[in-house]
Amino acid sequence: MGTEIGKRLRWVQLVEQGKSCGQVCLHCGISRPTLRKWVARYRAVGPDGLESQSRRPICSPARKVSEQERAWIAERQTAWPRLARKVEREHNKRYAKEIPGERVQMDTCKIAPGLYQYTAIDDCTRIRVLGLYKRRSAANSLLSLEKVIEDFPFPIQRIQTDRGREFFAYAFQEKFIEYSTKFRPVRPASPHLNGNVERSQRTELEEFYPTVDLRSEDLADRSDDWQSHYNEFRVHGSWMAVHLGKSGTNERD
């Protein structure tokens, strides 16, 4: 007999011994509806009634795929795994723009205590601009924005960020008006819409920061060198898509 069933049986036995429901509930730390439920099941079925029952609904009108269809899909994927992967690739959506500067994704990433990276990546060319700061703040967001506008080799039409507070200061918003650039935050709880910059920052965490000393005085210079290497030499998904014409395949970044 399981632990849960044993506890429920003890509750029922106390009631059967003549204890009042209030006394049993106070002694065992349970509610009256819970006690009445298990007593009723015990009296109707016996000890078998103390087992937990499935809470799955009998009918689900909103369900789009039946259990039979789920079994059929699983069978097909097991029989033809290569076909399943091909279908998955064909339906993979690539978030990219056709014009450089049409949309730039921007985000922040904590590298270590007192060290934050601001990242901006163009959705067409995948060119990036990085900046290292001690805090994630509106003032540093302004500095990063000026660096982005200055370093990108083409005009920026739109900058997209998440809804972090560092991007919603008045001074930061006024800079967009000054530069005639649109500001487009993503919907709440939608990090996938900023997926290019999110994946890009993971590249830093995997390939760059393990190779440097985070307390080094020339860390900013090393970051600039890494930015140049990424933009000019490193092969990644955007290069493959542009040069091989595989815009529907998975991208590395």
Query raised in the report: In the stretch 22-37, what count of residues is obtained for those that are touching a helix residue (DSSP H, G or I) at 6+ places or on another chain (Cβ under 9 Å), surrounded by 13 or more Cβ atoms within 10 Å (Cβ to Cβ) and closer than 14 Å to LYS7 by Cβ?
Result: 6
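This table checks each residue for (1) assigned to a strand (DSSP E or B); (2) surrounded by fewer than 16 Cβ atoms within 10 Å (Cβ to Cβ); (3) assigned by TED's automatic domain parsing to the domain that holds ALA112.
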{"site": "ARG136", "(1), (2), (3)": "no, no, yes"}
{"site": "LEU143", "(1), (2), (3)": "no, yes, yes"}
{"site": "VAL148", "(1), (2), (3)": "no, no, yes"}
{"site": "PRO153", "(1), (2), (3)": "no, yes, yes"}
{"site": "ILE156", "(1), (2), (3)": "no, no, yes"}
{"site": "GLU174", "(1), (2), (3)": "no, yes, yes"}
{"site": "ARG184", "(1), (2), (3)": "yes, yes, yes"}
{"site": "HIS192", "(1), (2), (3)": "no, yes, yes"}
{"site": "VAL197", "(1), (2), (3)": "no, no, yes"}
Report task. Return the total of residues in the stretch 113-130 being within 23 Å of the chain's Cα centre (by Cα) and farther than 24 Å from ILE99 by Cβ. Result -> 4
Requested in this report: Identify all residues within the stretch 19-58 that are touching a residue at least 40 places away in the same chain (Cβ under 8 Å) and part of a helix (DSSP H, G or I); write none if there are none.
Outcome: PRO47, LEU50
Query - Selected residue (criterion: surrounded by the fewest Cβ atoms within 10 Å (Cβ to Cβ)) from residues of the stretch 199-213 that are in a helix (DSSP H, G or I) and of a type in the set (A, V, I, L, M, F, W, C) - result: LEU205
Query - Boolean, SER247 is of a type in the set (Ser, Thr, Tyr), at pLDDT below 95 and either touching a Gly at 6+ places or on another chain (Cβ under 6 Å) or assigned to a loop (DSSP other than H, G, I, E, B) (or both) - result: yes
Query raised in the report: For residues in the stretch 158-171 being hydrophobic (A, V, I, L, M, F, W, C) and surrounded by 19 or more Cβ atoms within 10 Å (Cβ to Cβ), which is farthest from GLY195 (Cα to Cα)?
Result: PHE167
Query - GLU166 being among the acidic types (Asp, Glu), at pLDDT 90 or above and in contact with a Lys or Arg (Cβ under 7 Å, 6 or more places away or on another chain) - result: yes
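The values are calculated or read from the model by the stated rules, or taken from the named source; none is laboratory data. These numbers were taken from a predicted model, which means no experiment stands behind them. Positions of Cβ are backbone-derived with ideal geometry, glycine not excepted, and every protein chain shown enters the neighbour counts.
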